[in-house]
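Asks: This is the structure I want to talk about, given as C-alpha coordinates.
The values are calculated or read from the model by the stated rules, or taken from the named source; none is laboratory data. Please read all numbers here as calculations on a predicted model, not as lab measurements. Here the Cβ is made from the backbone with ideal geometry for all residues, glycine too, and neighbour counts use every protein chain on show.
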Amino acid sequence: MRRVELWRFQVPMDAGVVLRDRRLKTRDGLLVRLTDGDKQGCGEISPLPGFSAETLEEAQNVAQAWLQTWQTGHNDELPEMPSVAFGLSCALAEISGELPQQADYRAAPLCTGDPDELFAMLAAIPGEKIAKVKVGLYEAVRDGMVVNLLLEAIPDLRLRLDANRGWTPLKAQQFAKYVNPDFRPRIAFIEEPCKTREQSREFARETGIAIAWDESLREPDFEFAAEPGLSAVVIKPTLTGSLAKVRQQVEQAHALGLTAVISSSIESSLGLTQLARIAAWLTPQTLPGLDTLSLMQAQLVREWPNSPLPCWSLESLERVL
Ligand SMILES: O=C(O)CCC(=O)C1=CC=C[C@@H](O)[C@@H]1C(=O)O
Ligand SMILES: [Mg+2]
(Lines give C-alpha, C1' and ligand atoms only; values in the text may rest on other atoms or scores of the structure.)
(Ligands and ions follow the chains in the order given, each with its own letter.)
Protein backbone atom coordinates (compact mmCIF):
# COMPACT_ATOMS: atom_id res chain seq x y z
CA MET A 1 0.00 0.00 0.00
CA ARG A 2 1.33 3.38 -0.99
CA ARG A 3 0.43 6.70 0.53
CA VAL A 4 1.51 10.25 -0.33
CA GLU A 5 1.38 13.39 1.78
CA LEU A 6 2.42 16.92 0.88
CA TRP A 7 2.66 19.98 3.14
CA ARG A 8 3.33 23.59 2.33
CA PHE A 9 5.48 25.60 4.74
CA GLN A 10 6.48 29.19 5.31
CA VAL A 11 9.30 29.91 7.76
CA PRO A 12 10.13 33.52 8.70
CA MET A 13 13.70 34.51 7.94
CA ASP A 14 16.06 36.50 10.04
CA ALA A 15 15.76 40.18 9.16
CA GLY A 16 18.17 41.28 6.49
CA VAL A 17 18.63 38.16 4.35
CA VAL A 18 19.15 39.58 0.87
CA LEU A 19 19.44 37.36 -2.18
CA ARG A 20 20.21 38.82 -5.58
CA ASP A 21 19.12 42.29 -4.49
CA ARG A 22 15.84 41.16 -2.99
CA ARG A 23 14.98 40.66 0.64
CA LEU A 24 13.90 37.12 1.49
CA LYS A 25 11.37 37.62 4.30
CA THR A 26 10.13 34.04 4.41
CA ARG A 27 11.37 30.72 3.06
CA ASP A 28 8.51 28.92 1.37
CA GLY A 29 8.46 25.35 0.20
CA LEU A 30 6.93 21.89 0.32
CA LEU A 31 7.64 18.81 2.39
CA VAL A 32 6.71 15.44 0.98
CA ARG A 33 6.29 12.10 2.74
CA LEU A 34 6.03 8.83 0.84
CA THR A 35 4.85 5.63 2.49
CA ASP A 36 5.41 2.27 0.80
CA GLY A 37 4.29 -0.63 2.97
CA ASP A 38 6.16 -0.27 6.23
CA LYS A 39 8.76 2.13 4.82
CA GLN A 40 8.66 5.93 4.81
CA GLY A 41 10.76 8.65 3.27
CA CYS A 42 10.67 12.45 3.36
CA GLY A 43 11.93 15.15 1.06
CA GLU A 44 11.93 18.91 0.67
CA ILE A 45 10.93 20.82 -2.45
CA SER A 46 11.84 24.49 -2.05
CA PRO A 47 12.71 26.38 -5.23
CA LEU A 48 14.93 29.31 -4.25
CA PRO A 49 13.59 32.66 -5.54
CA GLY A 50 16.11 34.35 -7.80
CA PHE A 51 18.06 31.10 -8.28
CA SER A 52 15.55 28.41 -9.31
CA ALA A 53 13.91 28.73 -12.72
CA GLU A 54 10.64 27.31 -11.34
CA THR A 55 8.19 28.98 -8.95
CA LEU A 56 6.76 27.22 -5.91
CA GLU A 57 3.34 26.97 -7.62
CA GLU A 58 4.89 25.28 -10.65
CA ALA A 59 6.82 22.92 -8.41
CA GLN A 60 3.68 22.04 -6.46
CA ASN A 61 1.74 21.22 -9.64
CA VAL A 62 4.48 18.99 -11.00
CA ALA A 63 4.99 17.29 -7.63
CA GLN A 64 1.27 16.59 -7.18
CA ALA A 65 0.96 15.02 -10.62
CA TRP A 66 3.92 12.71 -9.96
CA LEU A 67 2.67 11.82 -6.47
CA GLN A 68 -0.76 10.84 -7.75
CA THR A 69 0.81 8.45 -10.25
CA TRP A 70 3.22 6.99 -7.70
CA GLN A 71 0.39 6.40 -5.25
CA THR A 72 -1.39 4.12 -7.73
CA GLY A 73 1.66 1.85 -7.81
CA HIS A 74 3.28 3.15 -11.00
CA ASN A 75 6.94 4.11 -10.90
CA ASP A 76 7.03 7.11 -13.19
CA GLU A 77 10.34 8.70 -14.07
CA LEU A 78 11.18 11.63 -11.82
CA PRO A 79 10.21 15.06 -13.18
CA GLU A 80 13.02 17.16 -14.71
CA MET A 81 12.19 20.22 -12.58
CA PRO A 82 15.23 20.40 -10.27
CA SER A 83 13.67 21.21 -6.89
CA VAL A 84 10.95 18.57 -7.40
CA ALA A 85 13.36 15.91 -8.63
CA PHE A 86 15.62 16.57 -5.65
CA GLY A 87 12.88 16.36 -2.99
CA LEU A 88 11.19 13.30 -4.48
CA SER A 89 14.47 11.45 -5.03
CA CYS A 90 15.46 12.05 -1.39
CA ALA A 91 12.14 10.60 -0.20
CA LEU A 92 12.61 7.57 -2.47
CA ALA A 93 16.23 7.15 -1.34
CA GLU A 94 15.09 7.09 2.30
CA ILE A 95 12.59 4.35 1.46
CA SER A 96 15.13 2.27 -0.43
CA GLY A 97 17.88 2.90 2.12
CA GLU A 98 20.16 4.34 -0.57
CA LEU A 99 20.71 7.57 1.38
CA PRO A 100 22.82 6.64 4.42
CA GLN A 101 21.88 7.97 7.87
CA GLN A 102 25.36 9.10 8.76
CA ALA A 103 25.75 12.86 8.32
CA ASP A 104 28.47 15.50 8.18
CA TYR A 105 27.12 18.26 10.40
CA ARG A 106 30.28 20.34 10.20
CA ALA A 107 29.57 23.35 8.05
CA ALA A 108 31.94 26.01 6.84
CA PRO A 109 30.72 29.05 8.84
CA LEU A 110 29.17 31.63 6.56
CA CYS A 111 30.28 35.16 7.35
CA THR A 112 28.99 38.34 5.85
CA GLY A 113 32.06 40.27 6.77
CA ASP A 114 32.05 41.76 10.29
CA PRO A 115 35.61 40.81 11.32
CA ASP A 116 35.03 41.11 15.11
CA GLU A 117 32.14 38.67 15.09
CA LEU A 118 34.21 36.40 12.95
CA PHE A 119 37.23 36.12 15.17
CA ALA A 120 35.31 34.59 18.07
CA MET A 121 33.44 32.19 15.83
CA LEU A 122 36.53 31.07 13.93
CA ALA A 123 38.60 30.59 17.04
CA ALA A 124 35.92 28.13 18.23
CA ILE A 125 35.89 25.85 15.13
CA PRO A 126 37.31 22.45 16.05
CA GLY A 127 39.54 20.72 13.49
CA GLU A 128 39.84 22.01 9.94
CA LYS A 129 39.30 25.77 9.98
CA ILE A 130 37.48 26.79 6.82
CA ALA A 131 35.05 29.68 6.62
CA LYS A 132 33.08 31.20 3.78
CA VAL A 133 32.99 34.97 3.37
CA LYS A 134 30.67 36.84 1.02
CA VAL A 135 32.52 39.47 -0.97
CA GLY A 136 31.38 41.92 -3.60
CA LEU A 137 28.73 43.48 -1.37
CA TYR A 138 30.88 46.39 -0.25
CA GLU A 139 33.95 48.08 -1.72
CA ALA A 140 36.40 45.58 -3.22
CA VAL A 141 39.21 47.21 -1.26
CA ARG A 142 37.35 46.62 2.00
CA ASP A 143 36.83 42.96 1.06
CA GLY A 144 40.55 42.65 0.39
CA MET A 145 41.42 44.15 3.74
CA VAL A 146 39.00 41.89 5.65
CA VAL A 147 40.45 38.80 3.97
CA ASN A 148 43.99 39.92 4.75
CA LEU A 149 43.12 40.67 8.36
CA LEU A 150 41.48 37.28 8.92
CA LEU A 151 44.25 35.27 7.30
CA GLU A 152 46.88 37.19 9.20
CA ALA A 153 45.15 36.81 12.58
CA ILE A 154 44.34 33.09 12.31
CA PRO A 155 47.30 31.22 10.82
CA ASP A 156 45.52 27.88 10.26
CA LEU A 157 42.44 29.43 8.66
CA ARG A 158 41.53 28.85 5.01
CA LEU A 159 38.82 30.85 3.29
CA ARG A 160 36.22 30.21 0.66
CA LEU A 161 35.01 33.47 -0.83
CA ASP A 162 31.91 34.10 -2.89
CA ALA A 163 31.45 37.12 -5.13
CA ASN A 164 28.32 35.86 -6.94
CA ARG A 165 29.63 37.40 -10.18
CA GLY A 166 29.62 40.81 -8.57
CA TRP A 167 32.91 42.21 -9.78
CA THR A 168 34.07 43.88 -12.94
CA PRO A 169 37.64 42.86 -13.87
CA LEU A 170 38.84 46.16 -12.40
CA LYS A 171 37.14 45.60 -9.03
CA ALA A 172 38.46 42.05 -8.90
CA GLN A 173 41.95 43.45 -9.46
CA GLN A 174 41.46 46.01 -6.70
CA PHE A 175 40.47 43.21 -4.35
CA ALA A 176 43.46 41.07 -5.25
CA LYS A 177 45.86 43.96 -4.83
CA TYR A 178 45.02 44.13 -1.14
CA VAL A 179 45.54 40.47 -0.40
CA ASN A 180 49.09 39.70 0.63
CA PRO A 181 50.53 37.34 -2.05
CA ASP A 182 51.75 35.01 0.73
CA PHE A 183 48.14 34.51 1.85
CA ARG A 184 46.67 33.79 -1.57
CA PRO A 185 47.18 30.01 -1.39
CA ARG A 186 45.02 30.03 1.76
CA ILE A 187 42.06 31.21 -0.27
CA ALA A 188 40.73 27.74 -1.10
CA PHE A 189 38.74 29.37 -3.87
CA ILE A 190 36.59 32.32 -4.76
CA GLU A 191 33.22 31.42 -6.27
CA GLU A 192 32.46 33.22 -9.52
CA PRO A 193 34.43 36.46 -9.03
CA CYS A 194 33.37 38.17 -12.27
CA LYS A 195 30.36 38.64 -14.49
CA THR A 196 31.56 36.20 -17.15
CA ARG A 197 33.42 32.92 -16.91
CA GLU A 198 36.14 34.26 -19.20
CA GLN A 199 36.75 37.24 -16.90
CA SER A 200 36.88 34.90 -13.89
CA ARG A 201 39.44 32.68 -15.64
CA GLU A 202 41.49 35.76 -16.43
CA PHE A 203 41.33 36.79 -12.76
CA ALA A 204 42.65 33.37 -11.69
CA ARG A 205 45.46 33.56 -14.24
CA GLU A 206 46.53 37.04 -13.23
CA THR A 207 46.27 36.73 -9.45
CA GLY A 208 47.03 33.06 -8.77
CA ILE A 209 43.85 32.94 -6.64
CA ALA A 210 41.87 29.75 -7.31
CA ILE A 211 38.27 30.01 -8.49
CA ALA A 212 35.16 27.80 -8.23
CA TRP A 213 32.08 27.53 -10.41
CA ASP A 214 28.63 27.80 -8.82
CA GLU A 215 26.17 29.76 -11.00
CA SER A 216 27.93 28.38 -14.10
CA LEU A 217 26.80 24.81 -13.38
CA ARG A 218 23.23 25.84 -14.17
CA GLU A 219 24.03 27.39 -17.54
CA PRO A 220 23.08 25.37 -20.60
CA ASP A 221 26.53 25.56 -22.21
CA PHE A 222 28.39 24.47 -19.04
CA GLU A 223 30.59 21.41 -19.26
CA PHE A 224 32.72 19.90 -16.52
CA ALA A 225 36.36 20.44 -17.39
CA ALA A 226 39.64 20.79 -15.54
CA GLU A 227 41.07 24.24 -16.22
CA PRO A 228 44.08 26.11 -14.86
CA GLY A 229 43.10 28.02 -11.72
CA LEU A 230 39.84 26.12 -11.17
CA SER A 231 39.80 24.22 -7.90
CA ALA A 232 36.18 23.40 -7.11
CA VAL A 233 32.57 23.20 -8.18
CA VAL A 234 29.75 24.11 -5.81
CA ILE A 235 26.81 21.75 -6.16
CA LYS A 236 23.44 22.92 -4.86
CA PRO A 237 21.17 19.87 -5.11
CA THR A 238 17.88 21.84 -4.96
CA LEU A 239 19.03 23.67 -8.09
CA THR A 240 20.58 20.59 -9.69
CA GLY A 241 17.89 17.89 -9.63
CA SER A 242 17.66 14.25 -8.62
CA LEU A 243 20.12 12.56 -6.30
CA ALA A 244 21.29 10.53 -9.30
CA LYS A 245 22.17 13.75 -11.12
CA VAL A 246 23.91 15.17 -8.03
CA ARG A 247 25.90 11.97 -7.72
CA GLN A 248 26.84 12.05 -11.39
CA GLN A 249 28.07 15.66 -11.08
CA VAL A 250 30.12 14.83 -7.98
CA GLU A 251 31.69 11.88 -9.80
CA GLN A 252 32.47 14.01 -12.87
CA ALA A 253 34.15 16.65 -10.69
CA HIS A 254 36.19 14.08 -8.78
CA ALA A 255 37.30 12.37 -11.99
CA LEU A 256 38.73 15.73 -13.12
CA GLY A 257 40.54 16.27 -9.83
CA LEU A 258 38.16 19.03 -8.73
CA THR A 259 36.74 19.46 -5.23
CA ALA A 260 32.95 19.08 -5.15
CA VAL A 261 31.28 21.12 -2.40
CA ILE A 262 27.71 20.19 -1.50
CA SER A 263 26.00 23.46 -0.67
CA SER A 264 22.72 24.75 0.67
CA SER A 265 19.99 26.54 -1.26
CA ILE A 266 18.68 27.76 2.10
CA GLU A 267 16.56 24.67 2.73
CA SER A 268 14.75 24.12 6.03
CA SER A 269 16.40 21.88 8.63
CA LEU A 270 14.73 18.88 6.99
CA GLY A 271 16.44 19.46 3.65
CA LEU A 272 19.66 20.64 5.29
CA THR A 273 20.07 17.49 7.40
CA GLN A 274 19.59 15.46 4.22
CA LEU A 275 22.28 17.55 2.52
CA ALA A 276 24.58 16.79 5.47
CA ARG A 277 23.92 13.08 4.83
CA ILE A 278 24.52 13.50 1.10
CA ALA A 279 27.82 15.26 1.85
CA ALA A 280 28.96 12.51 4.24
CA TRP A 281 28.06 9.94 1.58
CA LEU A 282 29.33 11.54 -1.65
CA THR A 283 32.01 14.05 -0.59
CA PRO A 284 33.39 12.66 2.70
CA GLN A 285 36.71 14.51 2.33
CA THR A 286 35.14 17.95 1.86
CA LEU A 287 33.50 20.31 4.30
CA PRO A 288 30.02 21.08 2.94
CA GLY A 289 28.61 24.62 2.64
CA LEU A 290 25.55 24.23 4.85
CA ASP A 291 25.74 27.06 7.37
CA THR A 292 22.41 28.65 6.49
CA LEU A 293 20.01 27.42 9.18
CA SER A 294 20.69 30.44 11.40
CA LEU A 295 19.20 32.66 8.67
CA MET A 296 15.81 31.19 9.64
CA GLN A 297 13.63 31.56 12.69
CA ALA A 298 12.47 27.94 12.99
CA GLN A 299 13.42 24.39 12.05
CA LEU A 300 11.11 21.89 10.39
CA VAL A 301 10.46 18.31 11.57
CA ARG A 302 14.08 17.19 11.89
CA GLU A 303 16.58 19.01 14.05
CA TRP A 304 20.06 20.12 13.19
CA PRO A 305 22.27 19.15 16.16
CA ASN A 306 22.62 21.91 18.77
CA SER A 307 20.53 24.47 16.91
CA PRO A 308 18.72 26.75 19.38
CA LEU A 309 15.82 27.30 16.95
CA PRO A 310 12.36 25.89 17.76
CA CYS A 311 11.34 22.91 15.63
CA TRP A 312 7.89 22.86 14.00
CA SER A 313 6.14 19.52 13.52
CA LEU A 314 4.41 18.32 10.35
CA GLU A 315 1.05 18.69 12.10
CA SER A 316 1.57 22.45 12.38
CA LEU A 317 1.99 22.84 8.60
CA GLU A 318 -0.66 23.25 5.90
CA ARG A 319 -1.41 19.91 4.26
CA VAL A 320 -2.05 20.27 0.53
CA LEU A 321 -2.28 16.59 -0.51
O1 LIG B 1 27.74 27.63 0.12
C2 LIG B 1 27.59 27.87 1.35
O3 LIG B 1 28.50 27.78 2.17
C4 LIG B 1 26.26 28.33 1.88
C5 LIG B 1 25.22 28.64 0.85
C6 LIG B 1 25.44 29.94 0.13
O7 LIG B 1 26.44 30.60 0.34
C8 LIG B 1 24.45 30.39 -0.80
C9 LIG B 1 23.24 29.75 -0.89
C10 LIG B 1 22.22 30.24 -1.70
C11 LIG B 1 22.38 31.41 -2.36
C12 LIG B 1 23.57 32.22 -2.26
O13 LIG B 1 23.43 33.53 -1.90
C14 LIG B 1 24.78 31.57 -1.65
C15 LIG B 1 25.70 31.29 -2.83
O16 LIG B 1 25.70 32.09 -3.77
O17 LIG B 1 26.44 30.32 -2.87
MG1 LIG C 1 27.90 30.85 -4.64
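Asks: Do you know which residues across segment 163-180 are among the small types (Gly, Ala, Ser), within 16 Å of ligand 2 (Cβ to nearest atom) and under 20 Å from residue 151 (Cβ atoms)?
Replies: Of everything in segment 163-180, those that are among the small types (Gly, Ala, Ser), within 16 Å of ligand 2 (Cβ to nearest atom) and under 20 Å from residue 151 (Cβ atoms) turn out to be 163, 172.
Asks: Right, here's the next one. Mind checking which residues of segment 131-145 are crowded, with 20+ Cβ neighbours inside 10 Å and part of a strand (DSSP E or B)?
Replies: 131, 132, 133
Asks: Could you pull out the residue among 120, 93 that is surrounded by fewer than 16 Cβ atoms within 10 Å (Cβ to Cβ) and more than 16 Å from ligand 1 (Cβ to nearest atom)?
Replies: Matching residue, one of 120, 93: 120.
Asks: Additional query: So which of 297, 285, 248 ends up being more than 13 Å from ligand 1 (Cβ to nearest atom) and under 16 Å from residue 107 (Cα atoms)? Lay out the reasoning, then the answer.
Replies: Numbers: 297 fails: under 16 Å from residue 107 (Cα atoms); 248 fails: under 16 Å from residue 107 (Cα atoms).
Only one candidate qualifies: 285.
Asks: Here is a further query. Could you run through segment 305-321 and say how many residues are of a type in the set (Ser, Thr, Tyr) and closer than 16 Å to residue 273 by Cβ?
Replies: Residues flagged as of a type in the set (Ser, Thr, Tyr) and closer than 16 Å to residue 273 by Cβ within segment 305-321 amount to 2.
Conditions (1) within 11 Å of ligand 2 (Cβ to nearest atom); (2) within 26 Å of residue 50 (Cβ to Cβ), marked per residue:
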residue	(1), (2)
209	no, no
215	yes, yes
229	no, no
237	no, yes
242	no, yes
245	no, yes
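Asks: Among the residues of segment 188-209, which ones are in a loop (DSSP other than H, G, I, E, B) and surrounded by fewer than 19 Cβ atoms within 10 Å (Cβ to Cβ)?
Replies: 195, 196, 208 - these are the residues of segment 188-209 that are in a loop (DSSP other than H, G, I, E, B) and surrounded by fewer than 19 Cβ atoms within 10 Å (Cβ to Cβ).
Asks: Can you work out which of the residues in segment 210-226 that are part of a loop (DSSP other than H, G, I, E, B) and surrounded by 13 or more Cβ atoms within 10 Å (Cβ to Cβ) is farthest from ligand 1 (Cβ to nearest atom)?
Replies: 224
Asks: For segment 52-75, what are the residues that are at pLDDT below 95 and either surrounded by 13 or more Cβ atoms within 10 Å (Cβ to Cβ) or small (Gly, Ala, Ser) (or both)? Give the derivation first.
Replies: The first filter runs over segment 52-75 and keeps only residues at pLDDT below 95, leaving 73-75.
Within segment 52-75, 73 is the sole residue that qualifies.
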